[in-house]
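Student: Below is one structure. I have some questions about it.
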Amino acid sequence: MSSTTVNIDKLTTIERLMKTTMKIVNKLSDAMLLPLIGISIFLFLWSVTAQNIHTSLGEFPGPKAVVEQFSNLYDEHINEREKAKAFFDRQVKRNAIKVAKNPDYVPKIRDYTGKETFLDQIVTSLFTVTTGFLLAAAIAIPLGIWMGLSKRLNSAFNPIVQIFKPVSPLAWLPLVTMVVSALYVSDDPLVSKAFLTSMITVSLCSLWPMVINTSIGVSSIDSDLLNVSKVLRLPTITHIQKIVLPASIPMIFTGMRLSFGVAWMVLIAAEMLAQNPGLGKFVWDEFQNGSSDSLARIMAAVIVIGFIGFLLDRLMLAIQRKVSWDKSSVNA
Amino acid sequence: MNSSINTDIIEHAFLNISQIDMVFPTPTGGFTALKEVDLKIDKGEFISLIGHSGCGKSTVLNIVAGLYQATTGGILLKNKEVNEPGPERAVVFQNHSLLPWLTSYQNVELAVKQVFNKTMSKAEMKDWIEYNLQLVHMGHAMHKRPDEISGGMKQRVGIARALAMQPEVLLMDEPFGALDALTRAHMQDSLMEIQNELNNTVIMITHDVDEAVLLSDRIVMMTNGPEATVGEILDVNLERPRNRLNLAKDLEYNRLRSEVLTFLYEKQRKVENISQKTAAKNIIEKQTVNEI
């Protein structure tokens, strides 16, 4: 008798174990397996199609060629860093010898002038897009709040915003380039003209979604909350600080996320033409270079650009979650 | 106009709603929502405004609050004209209107800081905020945000915020309209308790006949719009403190109740059809939105 009950107990535990593992497997398959399947199908189609496209620079790169270039780009980065280190070591040694010979000699340290590696270019791009975006935010958010508070101002500026919003960065760039060359004249420039041109172009294009979303957020604040402010006779500054800003934070952040996406897209085009040493310039240089590896290297850059764009969006989302009081408004 | 005749009354009235007309401009000409609304209220009086929806009760309240401007006529509070909103006429809004990103404490604090900025020290303000929250039995949830508390609790905080301003007049726009019957009864008892202690001057809009009789010193019944005005005023001389259970069998209570019901459902029975009514209401709402 007792042995059979034990057996039944064992069976049920095993069954229960099976069930829980099935549940976990199901969850995993939704979270991991399906995306993996999607990616595999994409990789398969890519490699099949790539084999059949023949360009003047050789066969279109498949996944394998791109992966190779990723490791090449990394190796180049390491090599370049070693070269730089060797260069500085040589300088230090040379200076030491010179000082030993002649105590009055003042040692000079020259900069290493080797070319930027892919990783350097990523850093440059990130820096350019961030400064451009912050400049845009510094203008767009106050302007948007102001437009949201005043119907008249909104009527006055809205046509301008609507007209400039769809303008491509490529149209702005020549204008920005000429203006920067004319106005930014300095013997010892703090930043290069190419950087400034790219940054301003990024700002000009990423300004508008933030202006629009902020002004909509501000103008659609619940009239009850505005009445509370009126009954309390809050002064304008306190009104903006305590009512307007917190109430429109969700919309402001939606605008900021849109803008950051636009900024990152625009940046690549701007860097290409302005020759700012970032990812855009990398793509352009590889295109001009025209070696048999070029297309694979550009494809590697494309993947990196996409991945960074995705990470930037997640970062904005994380900040939004942290800052916003309305958790329901924060969707991926 | 005829101020010489009314001087006596004006000087004695604490709050004087004097000959108010309210005309909302519409594309097809003016829509007269209120016509010659006239009401004098003493200090410490609890007034209910009752009437069918769309009759302009809220408009009257908003004019007293200073959120709307009467087309003609005006409001005198202690013989001073009212023409803008201010904390001495605190409003409890129908849907609580708490700032959702602040805790109950911070919501009350915003009001207290604004009103008692110069007269209270930080410690006094803290005590005053806590006192008011405890008055509405919200001491236990002071540091919770509006989305973490129930509808009745939110309305309590809204009342605490209004009381904390120490207003001359407390204006309540259907404060319990959005609550379920049990919570509403509970809130009415709380309000009577607070009123017993503070003896505020209150104007409350309500749809609820029982609520009006239970809470008020006078019930102001409004006629149907357009051109709504004060139809009848009913004095409620029931002894305080009032108890809803005892009053249920009280003859005077039931007489008052049936008077209000008679006014609403016989004398001022709604005759217009629904579509007309909603059309008129839409026009008013559009206008008010534009104004704000």
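The values are calculated or read from the model by the stated rules, or taken from the named source; none is laboratory data. Quick caveat, the model's predicted, so the values are computed rather than measured. All Cβ positions, glycine included, derive from the backbone under ideal geometry; neighbour counts span all protein chains shown.
Student: Just for the range B:260-285: of the residues that are in contact with a helix residue (DSSP H, G or I) (Cβ under 9 Å, 6 or more places away or on another chain) and buried (at least 16 other Cβ atoms within 10 Å of the Cβ), which one is modelled with the lowest pLDDT?
Tutor: Ranking the qualifying residues of the range B:260-285, first place goes to B:ILE284.
Student: Being of a type in the set (Val, Ile, Thr), farther than 30 Å from B:LEU171 by Cβ and not in a helix (DSSP H, G or I), is that true of even one residue in the range A:317-330?
Tutor: Within the range A:317-330, one or more residues are of a type in the set (Val, Ile, Thr), farther than 30 Å from B:LEU171 by Cβ and not in a helix (DSSP H, G or I).
Student: Return the residue satisfying two criteria in turn: it lies in the range B:12-54 and is within 17 Å of B:TYR68 (Cβ to Cβ) and β-branched (Val, Ile, Thr), and of such residues it is farthest from the chain's Cα centre (by Cα).
Tutor: Restricting to residues being within 17 Å of B:TYR68 (Cβ to Cβ) and β-branched (Val, Ile, Thr), the top hit is B:THR26.
Student: If I filter the range A:72-109 down to residues being charged (D, E, K, R) and surrounded by 13 or more Cβ atoms within 10 Å (Cβ to Cβ), which single residue comes out as farthest from A:VAL304 (Cα to Cα)?
Tutor: Only one residue fits best here, namely A:LYS98.
Student: Would you mind listing the strands (runs of 3 or more DSSP E) fully within the range B:54-172 where at least 3 residues are within 12 Å of chain A (Cβ to nearest Cβ) and either aromatic (Phe, Trp, Tyr) or surrounded by 23 or more Cβ atoms within 10 Å (Cβ to Cβ) (or both)?
Tutor: Answer list for the range B:54-172: B:89-92.
For every residue, the table says whether it meets (1) over 21 Å from B:ASP42 (Cβ atoms); (2) in contact with a Lys or Arg (Cβ under 9 Å, 6 or more places away or on another chain); (3) aliphatic (A, V, I, L, M).
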position: B:LEU179; (1), (2), (3): yes, no, yes
position: B:SER190; (1), (2), (3): yes, yes, no
position: B:GLN195; (1), (2), (3): no, yes, no
position: B:ILE205; (1), (2), (3): no, yes, yes
position: B:THR223; (1), (2), (3): yes, yes, no
position: B:ALA228; (1), (2), (3): yes, yes, yes
position: B:ILE233; (1), (2), (3): no, yes, yes
position: B:ARG242; (1), (2), (3): no, no, no
position: B:ARG255; (1), (2), (3): yes, no, no
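Student: For residues that are surrounded by fewer than 21 Cβ atoms within 10 Å (Cβ to Cβ) and within 18 Å of B:GLU211 (Cβ to Cβ), scanning just the range B:42-53, find the one that is farthest from the other protein chains (Cβ to nearest Cβ).
Tutor: Step by step, filter the range B:42-53, then rank; the result is B:HIS52.
Student: Look through the range A:184-209, keep the residues that are charged (D, E, K, R) and outside any helix (DSSP H, G or I), and return whichever of them is farthest from the other protein chains (Cβ to nearest Cβ).
Tutor: Ranking the candidates gives A:ASP187 first.
Student: I would also like to ask the following. Counting just the residues of the range A:215-246 that are small (Gly, Ala, Ser) and in a helix (DSSP H, G or I), which one comes out nearest to the other protein chains (Cβ to nearest Cβ)?
Tutor: The selected residue is A:SER223.
Student: Please find, among A:ILE212, A:ILE303, A:ILE249, the residue that is more than 13 Å from every other protein chain (Cβ to nearest Cβ), buried (at least 18 other Cβ atoms within 10 Å of the Cβ), in a helix (DSSP H, G or I) and at pLDDT 90 or above.
Tutor: Testing whether each residue is more than 13 Å from every other protein chain (Cβ to nearest Cβ), buried (at least 18 other Cβ atoms within 10 Å of the Cβ), in a helix (DSSP H, G or I) and at pLDDT 90 or above leaves just A:ILE212.
The rows are residues; the columns are (1) free of Cβ contacts under 8 Å to residues at least 40 places away in the same chain; (2) surrounded by 14 or more Cβ atoms within 10 Å (Cβ to Cβ); (3) touching a Gly at 6+ places or on another chain (Cβ under 8 Å).
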site	(1), (2), (3)
A:LYS19	yes, no, no
A:GLY38	yes, no, no
A:TRP46	yes, yes, yes
A:GLN51	yes, no, yes
A:PRO63	yes, yes, no
A:PHE70	no, yes, no
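Student: Would you check if there is a residue in the range B:88-103 being aromatic (Phe, Trp, Tyr) and over 19 Å from A:ASP222 (Cα atoms)?
Tutor: no
Student: Limited to the range B:173-194, what total is found for residues that are closer than 28 Å to B:ALA13 by Cβ and either of a type in the set (Lys, Arg) or assigned to a helix (DSSP H, G or I) (or both)?
Tutor: Matching residues across the range B:173-194 total 5.
Student: In contact with a helix residue (DSSP H, G or I) (Cβ under 9 Å, 6 or more places away or on another chain), surrounded by 11 or more Cβ atoms within 10 Å (Cβ to Cβ) and assigned to a helix (DSSP H, G or I) - does that describe any residue in the range A:111-119?
Tutor: Yes: the range A:111-119 contains one or more residues that are in contact with a helix residue (DSSP H, G or I) (Cβ under 9 Å, 6 or more places away or on another chain), surrounded by 11 or more Cβ atoms within 10 Å (Cβ to Cβ) and assigned to a helix (DSSP H, G or I).
Student: Pairs only if they're at least six apart or on different chains, beta carbon under 9 angstrom, first in the range A:256-267 and farther than 15 Å from A:VAL304 by Cα, second of a type in the set (Asp, Glu); list them, first residue then second.
Tutor: What qualifies is A:ARG257/A:ASP313; A:PHE260/A:ASP313.
Student: Starting from residues that are more than 14 Å from B:SER58 (Cα to Cα) and in contact with a Ser or Thr (Cβ under 6 Å, 6 or more places away or on another chain), keep the ones in the range B:228-243 and report whichever is modelled with the highest pLDDT.
Tutor: The qualifying residue modelled with the highest pLDDT is B:VAL236.
Student: Looking at A:GLY114, A:GLY144, which one is under 33 Å from the mean Cα position of the chain (by Cα) and under 30 Å from A:GLN241 (Cβ atoms)?
Tutor: It is A:GLY144.
Student: Please name all residue pairs, on different chains or six or more residues apart, with Cβ atoms under 7 Å, provided the first residue is in the range A:220-246 and is buried (at least 18 other Cβ atoms within 10 Å of the Cβ) and the second residue is charged (D, E, K, R).
Tutor: Within 7 Å, the pairs are A:LEU234/A:LYS242.
Student: So is A:SER229 at pLDDT below 90 and farther than 27 Å from A:LEU135 by Cβ or not?
Tutor: no
Student: Check B:VAL115, B:VAL60, B:VAL91, B:VAL82 and return the single one that is touching a residue at least 12 places away in the same chain (Cβ under 8 Å) and out of contact with any strand residue (DSSP E or B) (no Cβ under 7 Å at 6 or more places or on another chain).
Tutor: Checking each option against the conditions leaves just B:VAL115.
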